Every structure is written in C-alpha cells, then in structure tokens.
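Accompanying notes for the structure given below.
Laboratory data are not the source of any read-out in this text; all were calculated from the coordinates shown. From a predicted model like this one, the values you see are computed outputs, not experimental measurements. Glycine also receives a Cβ, built like all others from the backbone with ideal geometry; neighbour counts cover every protein chain displayed.
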Amino acid sequence: MADGPSMEDVLNGGGHKDATFHLAGTKVIVLTDDSGQTWLCRRDDGVRESATPMGRVEALQVFAAALAEVLDSGDVTPRHHRRDRCGRHVDGEARS
C-alpha cells in the first residue's frame, strides 16, 4: 500500500475536480484540493488505485495520456465494481 493518502481520502477531502473520466474499468480524476495542491487519482479495474500530488499542468497531461490510452484500446464500456458497506471498492470481478 502507498505511504500517502488513498484515492478515496483525497476525493473525500474536498476541493475542485478539474477533469474526470471513467471508461473501461479505468477511472482518472484530477482534483485541486482546498489548499491548492493538485492530485492525480487513478483506479484501474476497481482495485489498483493511486493518489499522486503533482503540478496541475502535469496532472492534466497525464490525464490526457490516460484517456488517449483507453480510447486507443477501443473498449470504452463502463465496468462497475463491487463495493463494501462503506462504498469502497473491493477485490473481485467487475460487473458489466
């Protein structure tokens, strides 16, 4: 597990979503928190997730590259993942 905050911690901490997409099991959100720090949050297949602090322009460039990667795959079908009682994603198969 990462040393920093989880993706859910960052997203629930407040701020402004600068960009977001959720396609084909990949969710990427660029968020600028209330203190002005920009975060790149990414979850793949409902289980692998990260929240990385970075500059706003860099985060938006990474966001654009991730979106291009998903679009290039040709699979843009949303996938829904199992959640626990608190709404957090849990390991397991995705549901279409």
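At-a-glance table
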| read-out | value |
| --- | --- |
| Mean Cβ count within 10 Å, highest first, over the residues of peptides 33-42, 66-75 | 33-42, 66-75 |
| Rg/Rh for the range 7-73, where both radii come from Cα atoms and Rh is the Kirkwood radius | 0.95 |
